[in-house]
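What follows draws every value from the coordinates through simple rules; no lab data is involved. Just so it is clear, the structure is predicted and the values come from calculations on it, not from any experiment. Ideal geometry is used to build each Cβ from the backbone, glycine not excepted, and the neighbour counts take in all protein chains shown.
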Amino acid sequence: MKNLLKVAIGFAALAVTLPQAAFAAPGDTLKAVQARGALNCTSSDGNFEGFAELDSKGNWHGLDIDYCRAVATAIFGSDSKLKLIPVSWAQRFPSLQSGELDLVVKASGWLMSRDTELGFQFSTPYFVGVTQFMAHKELGAKSVTDLAGGSVCLSGGTSVEKLVSDYVAQNKYDLKLVTFEKNAEAVAAYFANRCDAYTEWGPIVAATRASSADPDNHVILSDNLSLEPEGIVVRQGDDSWVDVINWVIASQRIAEENGITSKNVDEMKSSPPNATVGKLLGVTPGIGTRLGLKDDWAYNVIKAHGNAEEMYDRSFGEGSRYKLPRGMNAPWQKGGIFYPPVLD
């Protein structure tokens, strides 16, 4: 009995201490950003269509830029304290390692070598890139199966060539691959009607279509090849910082799942339809304390930048010049692969 009493007292003591240990202290990066009064995030050393582009007024926009803005908004209440630092593809990781950048949001593929050998951590993916096909609309094709006996222009000696070659062989498609040394040459040949279709990474296909004289004359086919998850990259060893970024991404997916948009977020906050919405928008306290932020951080993000659908739409979807179908970047209820974690 005495031993049982000791065990019971031990569990009771543990129960008392657990709530105090449940909240992780803000990580070093978050504390450094808050002390500095600015978030240092990536822009680009040149336009990267759909992800990071400069408009005619010198303002940055695109999906990567929006995620930089969203993280800054979560921390400071607005993105006015965001510092966008132009870096090249080669510079992005050394700049993160040196501390010049707090995070890299630059369509960076989640690769094992980067995750294990370079001292980095990846967030949950915010975008998945797939290899896709574009065809001349007059052909009436909806998928590669409709191009029987036709041809596809693409860059030779690349991973895309190997991927497409294997895809055609595996499915026994009657399709000729016409390869070129440079992507620009493949694009020119396609637009000159030397091929029935063109293939590349999806966002590049969408940008290529948008650059044509009449984008409506070209359609993106339904085939999706080679999914590559793109994540936000941070220095390894600061799990609390990764938590902040992951929950910024999650907040917009939870918002979409619950029908919260930048336009109705105030209405949702004033009268939450369920407990999840109440927690997300800070009506029920706690969502900020867990991350070292204020309880209205997710409300501020959604109010300023919208939910996941709104973010995609203005960068790649119908609100953009690219008109790239959301496809696998949609939530699971709409035929995509994304789903948010549970906000309890």
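Rounded to the nearest 5, what % of the DSSP beta bridges within the stretch 129-227 are antiparallel ones? So the antiparallel bridges in the stretch 129-227 amount to around 55 percent. For the stretch 158-207, trypsin sites (Lys or Arg not before Pro) meeting the loop criterion (DSSP other than H, G, I, E, B) and having at most 10 other Cβ atoms within 10 Å: 172, 182. Modelled spin labels at residue 212 and residue 145, positioned 7 Å past Cα toward Cβ, are 2.3 nm from each other. Convex hull volume per residue, computed on the Cα atoms of the stretch 129-227, equals 83 Å³.
Restricting to DSSP loop positions (anything but H, G, I, E, B) with no more than 15 other Cβ atoms inside 10 Å of their own Cβ, which GluC sites (Glu not before Pro) remain in the stretch 236-344? Those that pass, being in a loop and sparsely packed, are 318.
Structure remark: mean-square fluctuation, Gaussian network model of the chain, C-alpha springs under 10 Å; the largest value among 214, 64, 223 belongs to 214.
Taking amide hydrogens as placed 1.01 Å from N in the peptide plane, the amide H of residue 283 sits under 5 Å from that of no residue at least 5 positions away in sequence or on another chain. Near residue 83, which aspartates and glutamates are there with a Cα under 15 Å away, not counting those fewer than 8 places off in the same chain? List returned: 45, 64, 66, 100, 102. For the chain, the antiparallel share of DSSP beta bridges with both residues in that region comes to about 60%. A crude spin-label estimate for the pair residue 318 and residue 266, with each label 7 Å from Cα along the Cβ direction, gives 2.5 nm. Just checking my list [x] 19.2, 64; [y] 23.3, 89; [z] 21.1, 74 against Rg and Dmax of the Cα atoms in Å computed from this structure; which label fits? Of the listed options [x] 19.2, 64; [y] 23.3, 89; [z] 21.1, 74, [y] comes from this structure. Each of residue 118 and residue 172 was given a label point 7 Å from its Cα along the Cα-to-Cβ line. The distance between the two points is 4.2 nm.
Helical runs (DSSP H, four residues minimum) scored at -39500 (n - 2.57) apiece and divided by the length of the chain put the mean residue ellipticity at 222 nm at -12000 deg cm²/dmol. Relative to a virtual label point 7 Å from the Cα of residue 100 in the Cα→beta-carbon direction, which members of the stretch 41-71 show backbone nitrogen distances below 14 Å? Correct set: 41-46.
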